[in-house]
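Novice: Sending over a structure as structure tokens; questions will come in a sec.
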Amino acid sequence: MRVVVVGCGYVGLALAEQLDARSHEIVGVRRSNAGLDAVDAVGSGVEAVRADATDPESLSALPDADAVVFAASSGGRGADAAREVYVDGLANVVDEYGSRAAPPDRLVYTSSTGVYGDHDGGWVDEETPVDPTTEKTRVLAEAERIATERAADAGIDGTVVRFAGLYGPERYRLDRYVDGPVTAGYLNMVHRDDAAGSIRHLLETDRARDRVVLVVDDEPVGKHVFADWLADACGVRRPEKLSKDERIAAGNLSAAAERRIRTSKRCSNALLRELGYEFAHPTFRSGYRDAVRAYRTRTE
């Protein structure tokens, strides 16, 4: 299977590595020299191609493929940048491939559980209606429609994977929880290797065409519970904890930050499990093992 990964960054590189190890043909697409070097470093079986999803003229460089994964990032910038990448960029890629004599069989678009909005700590799954509450999450919801409806018009089966909070190498952020204070709420997480592994699994098993799949580990956890577990594992004092009201009353929050604090939900991975995916890190206890070991080595 030939897979083109557009925006072959944090998750895309891990996906390229997994697919390469299983003898698939992988093309990683980046727009910068550093990005292309990162793709080249994955392995000799992974090809790096320069293109920019926001520049339609550059997309002729994309090779034909059996499947395309759109995993580009807006770099944490605002809603305008998100629209340029997730909506316009994705549409450009769909249109480019849709114009070809042999379009790819399927497209996988990496979205976010942020499209659900607030559910007051309740459970959400693929059947839960989306309720994006910020301009950026509204952009993500619009991009999901492009990945399904516009792709279908181009003869491409679309799959949307909604990632929970990504963590893993270079993104463990231990100090945030070890040092505190920690505000109440739920954490929905997935290790980078499982985010990549879920896409690999759906491609290899040919499952979840024209569907949304929520990608999150087995155990959404309260932030206070997680912080205490992490402190105990690292051998340090448990951090100070705040309720949501206490943190908001303390002030110094932007409107967006206050909205994030008030937003709470627990995400179910029942469908992903039903589709046969086996997690490398079913919970944070496994996923944070290396980070805890590194922290203790550094501080003891």
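The values are calculated or read from the model by the stated rules, or taken from the named source; none is laboratory data. All of these numbers come straight from a predicted model, not from anything done at the bench. Note that each Cβ is placed from the backbone with ideal geometry, even for glycine, and that neighbours are counted across all protein chains shown. We work out accessible area using only protein heavy atoms, side chains counted, and drop any ligands, DNA or RNA first. Shrake-Rupley method; radii C 1.70, N 1.55, O 1.52, S 1.80 Å.
Novice: Of everything in segment 128-185, what is open to solvent by 50 Å² or more (accessible area, probe 1.4 Å), part of a helix (DSSP H, G or I), touching a helix residue (DSSP H, G or I) at 6+ places or on another chain (Cβ under 6 Å) and modelled with pLDDT of 95 or more? Give them in sequence order.
Specialist: Those that are open to solvent by 50 Å² or more (accessible area, probe 1.4 Å), part of a helix (DSSP H, G or I), touching a helix residue (DSSP H, G or I) at 6+ places or on another chain (Cβ under 6 Å) and modelled with pLDDT of 95 or more: GLU142, ARG150.
Novice: If you don't mind, another one. Looking at this structure, is GLU25 out of contact with any helix residue (DSSP H, G or I) (no Cβ under 7 Å at 6 or more places or on another chain) and either farther than 17 Å from ARG200 by Cα or open to solvent by 60 Å² or more (accessible area, probe 1.4 Å) (or both)?
Specialist: So GLU25 passes the test.
Novice: Shifting gears a bit: May I ask you to list the residues in segment 54-81 that are small (Gly, Ala, Ser) and either on the phi > 0 side of the Ramachandran plot or touching a Leu at 6+ places or on another chain (Cβ under 7 Å) (or both)?
Specialist: Scanning segment 54-81 gives ALA67, GLY75, GLY76.
Novice: Could you please let me know if GLY98 is touching a residue at least 40 places away in the same chain (Cβ under 8 Å) and either among the aromatic types (Phe, Trp, Tyr) or under 24 Å from LEU166 (Cα atoms) (or both)?
Specialist: Judged against the criteria, GLY98 is not a match.
Novice: Could you name every one of the helices (runs of 4 or more DSSP H) located completely within segment 245-294 that has at least 1 residues being farther than 26 Å from ALA233 by Cα and either at pLDDT below 95 or open to solvent by 60 Å² or more (accessible area, probe 1.4 Å) (or both)?
Specialist: 255-262, 270-274
Novice: What do you reckon, is THR110 under 17 Å from GLY28 (Cα atoms), open to solvent by less than 30 Å² (accessible area, probe 1.4 Å) and not in a helix (DSSP H, G or I)?
Specialist: So THR110 fits the description; yes.
Novice: Go through (1) over 19 Å from the mean Cα position of the chain (by Cα); (2) within 18 Å of PRO169 (Cα to Cα); (3) buried (at least 17 other Cβ atoms within 10 Å of the Cβ) for ASP20 and report which single condition fails.
Specialist: Just one mismatch for ASP20, condition (2).
Novice: Any chance you could count how many residues in segment 66-92 are over 16 Å from LEU140 (Cα atoms) and open to solvent by less than 10 Å² (accessible area, probe 1.4 Å)?
Specialist: 2
Novice: Restricting to segment 209-227, name every residue that is within 23 Å of TYR10 (Cα to Cα) and open to solvent by 10 Å² or more (accessible area, probe 1.4 Å).
Specialist: Answer for segment 209-227, where residues must be within 23 Å of TYR10 (Cα to Cα) and open to solvent by 10 Å² or more (accessible area, probe 1.4 Å): VAL212, ASP218, GLU219, PRO220.
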